[in-house]
Amino acid sequence: MLLKGSCRCGAVRFEVESHTPVPFMLCYCSICRKQQGGGGFAINLGADSATLKITGKRNVGVYRAEIEDDERPLCEVSTGERNFCRKCGSALWLYDPTWPDLVHPFASAIDSELPKPPEKVHLMLKYKASWAEPVVGKNDKVFDVYPEESIADWHKRMGLWVE
Ligand SMILES: [Zn+2]
């Protein structure tokens, strides 16, 4: 499925092919929350990095967060590259060279109609803001840190993998 996305001001537009377009994975970590997740979480999709086409690339900034938490007691700079619009600040996608075949567009940046998730995964709840009260549906799964199942495996198990 072709996903089309953009920042709020239109200086950056992008499109990318995705087998895993269901916005089911809500991340409450401090980076996602501060950089992108106004509701206390951000939603990352999975897409095929080789197909990413960007218009207005000169307006794209990259942020690499410094991380220091229970999982990483020594402060380290995240390998994840959070791409955003330099003009309006919209968060656009995350790319991590550790997994070079993937790119993770933020659902909030996508203009295409996305499938509604039949159930959700809430992760990094250990790091959520105290005021954030996750709305956990009947079949939703919750995790203190990371789930064992990848975005791709979830789509396959749910029968929602898009060829
Ligand atoms: Zn913009």
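The values are calculated or read from the model by the stated rules, or taken from the named source; none is laboratory data. Predicted model only: the values in this text are computed from it and were never measured. Methodologically, a virtual Cβ is constructed for each residue, glycine included, from the backbone with ideal geometry; neighbour enumeration extends over all protein chains shown. SASA here: full protein model, heavy atoms, side chains in, ligands and nucleic acids out. Shrake-Rupley method; radii C 1.70, N 1.55, O 1.52, S 1.80 Å.
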*All positions within the stretch 135-152 that are in contact with a helix residue (DSSP H, G or I) (Cβ under 7 Å, 6 or more places away or on another chain) and of a type outside the set (Phe, Trp, Tyr)*: Val142, Asp144, Val145
_Condition first: under 17 Å from Tyr95 (Cβ atoms), more than 16 Å from the ligand (Cβ to nearest atom) and not in a helix (DSSP H, G or I). Now tell me which residues in the stretch 30-51 satisfy that._
Ala42, Ile43, Asn44, Leu45, Gly46, Ala47, Asp48
*asked:* Quick check on my filter: what residues within the stretch 9-29 are at pLDDT below 95 and either within 15 Å of the ligand (Cβ to nearest atom) or more than 13 Å from the chain's Cα centre (by Cα) (or both)?
replied: none
*Are any residues in the stretch 64-107 part of a strand (DSSP E or B), at pLDDT 95 or above and basic (Lys, Arg), and if so, which ones?*
none
*Determine the pairs where a residue that is within 11 Å of Leu45 (Cα to Cα) and among the aliphatic types (A, V, I, L, M), located within the stretch 81-107, has a partner that is away from the ligand (no atom under 16 Å from the Cβ) and assigned to a loop (DSSP other than H, G, I, E, B) with Cβ atoms under 8 Å apart, the partner being 6 or more residues away or on another chain.*
Leu94/Gly80; Leu102/Asp96; Val103/Leu52; Ala107/Pro23; Ala107/Leu45; Ala107/Leu114
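Suppose the filter is open to solvent by less than 80 Å² (accessible area, probe 1.4 Å), of a type outside the set (Asp, Glu) and not in a strand (DSSP E or B); does Trp154 pass it?
Numbers: open to solvent by less than 80 Å² (accessible area, probe 1.4 Å): yes; of a type outside the set (Asp, Glu): yes; not in a strand (DSSP E or B): yes.
Criteria met by Trp154.
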*All but one of (1) touching a residue at least 40 places away in the same chain (Cβ under 8 Å); (2) within 16 Å of the ligand (Cβ to nearest atom); (3) open to solvent by 20 Å² or more (accessible area, probe 1.4 Å) hold for Leu2, so report the exception by its number.*
(2)
